[in-house]
Amino acid sequence: MTEATIPIEYIRPYAPPPPASRRRGVRAEAWTPATLDLADRARLAVNGMVEPTDPEADYRVYWKASFRFNPPVMYHDGSDTGITLKFLEAAPRMRIMSGSEQGLHVEQRWREVLLRMIGPDGQVASPLVGPGLVRPPVLGGLEGNQMIDQQVNGIALGVAATYAALDDSAFWEPVGRGIVEGLQGLVVQHEDMAYLTQWVFAPGQRGDPAQPRPLGTFAAYAMWPARRLVDFYRVTGSEPALALAGQPCRYVVREGQYFDAANYRFLPDNPDPGGPRHDVVHFHHHAMTILTCLEYGLASGDQEMLDFAAQAFPVAITHGERLTGFFPESVIDHHQTCELCEVGDMVRIAVRQAEAGLGDHYWDDADRWTRNQLAEGQLTRADWIERLHLGDPPSRHDTGERWPMTTERVGERNIGAFAGWQSPNDWVEFMLTRWPEGTPFGSNLGHVQGIMHCCTANAARGLYDVWRNIVHAQGDRVKVNLLLNRTHEAVDVDSHLPYTGQVDLHVRRDCRLDVRMPAWVDLGEVACQVEGNAREVGFDGRYARVGDVGRGQAVRLNFPIDERTDRVSINNRWYLLVRKGHDIVCIDPPGKLCPLYQRDHYRDDVTLWKKTPRYLDEQRLDW
């Protein structure tokens with residue numbers, strides 16, 4: 001019997017079944033403007049999570065999809081476990097947004113598997129033997145069939161927090177508390193800080209203060225568990241979780257050599273000038289550190305961490321392009337593509353800063369980046385993938401035990417996923433890459449890549465954070481922060497942007513209504529109607545104070561929207577952008593493989609309409 005055919009060996013032979021996940025929502029249909037609808041995008045994202053999975057391996061995700069082969073392939077990788085749990089954390093949020101019930105059996109199996117991965121000490125052990133499992137290269141000298149991955153444990157804690165909030169806290173809280181205790185045993189304490197000395201541990205192993213302190217991206221890796229410790233605190237009030245979350249944040253900021261203390265500049269992944277990856281400055285891990293410190297600071301009131309996030313975020317923005325939301329995979333001199341991981345991070349930081357009152361202008365950044373790079377980074381059609389190899393002979397690739405693959409409906413199964421190597425004007429970019437020896441992909445090869453599903457999970461979380469912040473309702477005060485389509489218990493938002501400068505609001509309950517105007521709107525040109533009657537509005541900053549409105553009333557706001565042209569440099573290349581409001585409606589030069597911003601229909605100044613499924617879920621997750 002080979003490793004690929006024996007059952008997956010989990011640390012726990014049997015685990016009690018988890019509670020079934022419950023959906024409690026109301027469904028309807030309505031004609032709405034055919035503009036960006038994040039609920040629609042969430043529905044697609046569910047497909048992009050539950051479909052690119054392996055039913056022969058407990059529905060583990062195929063982490064990567066490569067379009068350079070004929071036909072395209074998806075293949076397993078050592079990161080599959082963590083990405084599968086990321087999907088388990090993100091999928092319930094996509095279902096709250098959209099009401100999608102696709103692949104509920106997959107999500108249920110993921111929960112069952114997670115429970116079988118929990119060892120007697122509460123830590124989550126990643127199995128290394130069985131179909132679809134590839135041993136990651138970070139194992140070093142570890143032996144055995146299980147490993148304790150700090151990232152996996154952190155994400156699993158986020159899963160426990162999510163389901164404790166949604167389904168059954170009595171079941172999921174003890175799971176989370178066990179993970180917190182396990183993480184406490186892995187860290188090494190240093191004053192009011194803590195760090196992790198290894199990427200992965202053997203079961204039963206503990207942090208060793210005799211080992212060298214981590215630096216660079218090695219130190220920042222602890223942000224994966226730190227952020228979920230904050231989440232768990234939010235749900236359960238666990239003070240040990242919150243205290244532990246702050247310790248690695250302080251270590252990375254003060255001693256991790258990952259940010260320049262004087263100007264918050266991103267530093268290399270490896271501070272050693274003679275070491276590997278010294279020329280790599282990975283954007284995602286830097287942005288993730290900013291996001292984690294911000295979340296910890298907001299939850300704990302730690303001013304040091306809030307100040308760090310407030311100072312580091314504007315520096316992060318300078319490494320990308322602010323009108324589009326393009327942020328490079330690595331901050332280096334030569335041309336880079338964009339992982340949607342970092343776009344999701346940056347959108348989340350912007351919206352969290354704005355939500356917390358730390359910068360009203362960040363609503364505009366979140367709006368720009370969501371409408372452009374984030375929305376365009378989602379795979380919404382697959383026909384172009386099949387055309388990449390028209391006339392090409394079938395590819396030869398290693399489908400042996402070490403690199404298990406599938407070619408079955410790769411494009412269709414990844415609809416809703418997010419790009420891993422996006423350019424400013426194309427969904428993928430032709431690249432020349434040297435693959436490591438021992439992979440099934442050869443060495444120097446010109447090719448197009450495709451998807452790494454860490455981007456799907458992180459970008460989906462960006463979608464959710466924007467969606468939940470479109471409308472804020474507290475008591476009888478309702479604020480619309482972003483002019484994006486939204487079904488909400490207080491008011492439905494139908495946005496005509498960017499066809500025309502119009503937004504329609506359908507009031508569901510009596511309230512005092514404020515609506516924020518984007519930065520490009522001239523406040524003196526805003527006109528308001530309530531039930532067809534003109535109403536004068538005052539302004540509080542950029543918020544139009546509509547005032548008292550009643551259940552069932554219709555509110556309309558109108559304002560001019562014009563095209564403007566900008567010449568911008570994005571990652572060492574020049575582009576001409578045509579924008580209406582915050583939406584890019586044309587980019588020159590255009591892409592070649594799957595061109596982005598094919599939005600001529602927005603330029604006719606006539607709203608197109610569509611019949612939209614609407615879903616309103618009484619459940620919510622405020623993080």
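For the chain, with every protein chain kept in place, what is the accessible area per residue (1.4 Å probe, Å²)?
Details: 23100 Å² over 623 residues.
About 37 Å² of surface per residue is accessible.
Per residue of the chain, what 222 nm ellipticity follows from adding -39500 (n - 2.57) for every DSSP H run with n ≥ 4, rounded to the nearest 500? Display every interim value, and only then the final one.
Numbers: 15 runs with 197 residues, N = 623.
Theoretical 222 nm ellipticity from helices: -10000 deg cm²/dmol.
What's the local net charge at T318, with K and R +1, D and E -1, over the other residues with C-beta under 14 Å away? Show your work: numbers first, answer last.
Working: positive: R265, R322; negative: D260, E321, E342, D365.
Overall, the nearby charge balance is -2.
Considering the convex hull of the alpha carbon atoms of the chain, report its projected area averaged over all viewing directions, in nm², one decimal.
27.3 nm²
Please report, largest first and rounded to whole Å, the three semi-axes of the ellipsoid equivalent to the range 25-126, where each semi-axis is the square root of five times an eigenvalue of the C-alpha gyration tensor.
28, 20, 10
Can you list residues whose amide H is under 5 Å from F259's amide H, if they're 5+ apart or on another chain and H is modeled 1.01 Å from N?
For F259, the qualifying residues are L267.
The range 76-115 to the range 32-66: how many Å between their Cα centroids?
Cα centroid of the range 76-115 versus Cα centroid of the range 32-66: 10 Å apart.
Normalising by the residue count of the range 229-379, find the relative contact order in percent from Cα pairs under 8 Å and 6+ residues apart.
Values: 194 pairs, mean separation 27.2, N = 151.
Taking the mean separation of contacting Cα pairs over the length of the range 229-379, I get 18 percent.
Roughly how tilted is helix 150-166, in degrees to the nearest 10 and between 0 and 90, from the longest Cα axis of the chain?
Roughly 50 degrees, rounded to the nearest 10.
If one takes the longest principal axis of the Cα atoms in the chain, at what angle in degrees, from 0 to 90 and to the nearest 10, does the Cα axis of helix 223-236 lie?
Orientation of helix 223-236: about 60 degrees from the principal axis.
So what's the Cα pair-distance distribution over the range 286-327, bin width 10 Å, in %?
31, 46, 21, 2
What list of ³J(HN,Hα) couplings, whole Hz, do you get for the range 532-545 from phi and the Karplus terms 6.51, -1.76, 1.60, once you set θ to phi - 60° and write x for glycine and proline?
Each residue's phi maps through the Karplus curve to give x, 9, 5, 9, 6, 10, x, 10, 10, x, 9, 8, 6, 8 Hz.
Which peptide among 563-572, 72-81 comes first, and what is the full order, when sorted by highest mean count of other Cβ atoms within 10 Å?
Values: 563-572: 13.1, 72-81: 23.0.
Result, highest mean first: 72-81, 563-572.
Could you run the Debye sum over the Cα atoms of the range 100-218, one equal point scatterer each and no solvent, and tell me log10 of I(q)/I(0) at q = 0.18 Å⁻¹, two decimals?
-1.02
Ignoring solvent entirely, what values of log10 I(q)/I(0) come out of the Debye formula for the range 242-282 at 0.14, 0.19, 0.23, 0.27 Å⁻¹ when each Cα is a single scatterer?
-0.37, -0.61, -0.77, -0.90
Based on the Cα gyration tensor of the range 297-354, what are the three equivalent ellipsoid semi-axes, each the root of five times an eigenvalue, rounded to whole Å and given largest first?
Square roots of five times the eigenvalues give 24, 12, 9 Å.
List the lysines whose alpha-carbon lies under 16 Å from that of K64, not counting same-chain residues fewer than 8 positions away?
Straight-distance partners of K64: K86.
So what's the net charge close to T289: Lys and Arg +1, Asp and Glu -1, counting the other residues with Cβ under 10 Å from its Cβ?
Values: positive: R227; negative: D345.
Net of charged neighbours comes to 0.
Hey, any idea what % of the chain's accessible area is carbon plus sulfur with a 1.4 Å probe?
49 percent
Can you list the aspartates and glutamates whose alpha carbon sits under 20 Å from that of K592, skipping same-chain ones fewer than 8 residues off?
E339, E376, D383, E386, D392, D426, E429, D600
For the chain, what is the relative contact order in percent, using Cα pairs closer than 8 Å and at least 6 residues apart in sequence?
Working: 1342 pairs, mean separation 105.9, N = 623.
Over the chain, the number comes to 17 percent.
Give me the log10 of I(q) over I(0) for the range 480-623 at q = 0.09 Å⁻¹, as the Debye formula computes it from C-alpha points; what are the numbers?
Each listed q maps to, in turn, -0.35.
Which order do V331, V493 take by accessible area at a 1.4 Å probe, largest first? Please report the intermediate quantities before stating the final value.
Working: V331 40, V493 0 Å².
Heavy-atom accessible area, descending, gives V331, V493.
The values are calculated or read from the model by the stated rules, or taken from the named source; none is laboratory data. Here the structure is a predicted model, which means the values were calculated and not measured. Note: ideal-geometry Cβ built from the backbone for every residue, glycine included; neighbour counts use all protein chains shown. The area values use the complete protein model at the heavy-atom level, side chains included, leaving out ligands, DNA and RNA. Shrake-Rupley method; radii C 1.70, N 1.55, O 1.52, S 1.80 Å.
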